[in-house]
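All of the numbers you see were taken from the coordinates with simple rules; none came from a lab. This one's a predicted model, so the numbers in the text were calculated from it and none came from an experiment. Don't worry about glycine lacking a Cβ; one is built from the backbone with ideal geometry, like all the others, and counts go over all protein chains shown.
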Amino acid sequence: MIETNSDLTEENLHKTVKNIVVERYTRLERLNHWIHVFIMLLFFFTGLELFSNTYFVGTEYFTQIFHFALGGTIACWYLFFYMYFIFKYKKAKEIFPTYRDFRELIIILLCTIKILPSSQYPQHAYYIIEEKRYGLKFHPAQKLLTLTNLIAIFIIGSTGIVMSESLFPGYLPSLFTALFTLIVAPLELLTIDLQIVHRLVYLYFLLTTFVHFLLAILPRNRNRLVGMITGKEKISIS
């Protein structure tokens with residue numbers, strides 16, 4: 001078994017004796033990722049249109065319906081299918097942050113700003129030579145992001161459903177809208193504008209997606225990005 005980290009030290013590079021090309025992501029994983037990217041881009045774009053009240057494609061009514069449908073698609077994926085696979089493959093315990101994860105986050109930060117050497121960066125991806133497959137563990141930041149994303153989807157979905165009912169009365173089943181109205185009732189009691197909450201969560205998703213994009217195009221992560229496109233990644237073994 002070998003640990004892989006695209007941020008190799010010069011010492012490790014000198015020890016390298018050969019490179020091998022391995023499968024990093026399966027076709028299903030890549031298909032899921034890029035469909036998710038496409039849906040999120042459409043979701044952001046239609047949200048921006050509604051926020052700016054400027055419609056480049058279709059009318060306001062069309063954009064509202066389309067935006068709602070995209071939001072429902074993302075919510076169903078995260079809250080149902082994603083969680084189904086997490087429990088099916090017994091990964092549930094791995095998505096909850098532990099004390100060790102927070103400690104590793106500090107080490108990762110110190111490695112990123114070059115206070116600690118990159119050799120101390122905690123490994124979360126390793127290639128098992130004997131089995132010819134990758135073993136992947138959830139990154140501490142990925143754990144935090146997964147949980148905050150689930151919370152954010154719940155909030156943005158609840159506020160979105162309540163707001164859509166005011167725009168399109170009777171469009172959704174009354175029991176469905178009543179349930180989500182009850183969920184956001186504390187916000188209304190505190191006279192917090194649901195649109196502001198909805199837009200703040202939208203900005204959260206926009207920010208995290210932008211950071212994800214920036215990290216993906218960093219030189220040390222480009223092999224991983226190529227792997228998400230082709231499925232293959234070149235790694236060094238010594």
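Per-structure values
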read-out: Backbone HN-Hα couplings from phi across the stretch 51-60 [Karplus 6.51/-1.76/1.60, Hz, Gly and Pro as x]; value: 5, 8, 6, 10, 10, 8, 10, x, 9, 4
read-out: Kirkwood Rh, Cα atoms: Rg over Rh of the stretch 20-67; value: 1.28
read-out: Cα-based Kirkwood hydrodynamic radius, the stretch 61-173, one decimal, Å; value: 17.3
read-out: Neighbour-count order for ASP101, ASP193, fewest beta carbons within 10 angstrom listed first; value: ASP193, ASP101
read-out: Size of the stretch 14-95 as Cα extents on the principal axes (Å, biggest first); value: 59, 34, 20
read-out: Estimated FRET transfer efficiency (GLU23, GLN120; beta-carbon r; R0 30 Å; 0.05); value: 0.60
read-out: Pair ILE113, PHE81: separation of 7 Å Cα→Cβ label points (nm); value: 4.0
read-out: PHE43, PHE85 arranged by Cβ crowding within 10 Å, fewest neighbours leading; value: PHE85, PHE43
read-out: Computed lengthening from PHE213 to GLN195, 0.36 nm per intervening residue step minus Cα-Cα distance; value: 3.8 nm
read-out: Cross-link pairs LYS143/LYS234; LYS18/LYS137; LYS18/LYS232; LYS18/LYS234; LYS93/LYS232; LYS18/LYS132 - those with Cα-Cα distance over 18 Å; value: LYS143/LYS234; LYS18/LYS137; LYS93/LYS232
read-out: Per-peptide average of other Cβ atoms within 10 Å, ordering 106-115, 66-75 highest first; value: 66-75, 106-115
read-out: Nearest-0.05 FRET efficiency for ARG133 and LEU206, computed from C-beta distance (R0 30 Å); value: 0.30
read-out: Length gained when the stretch THR230-ASN53 is fully extended (0.36 nm per residue, less Cα-Cα span); value: 59.8 nm
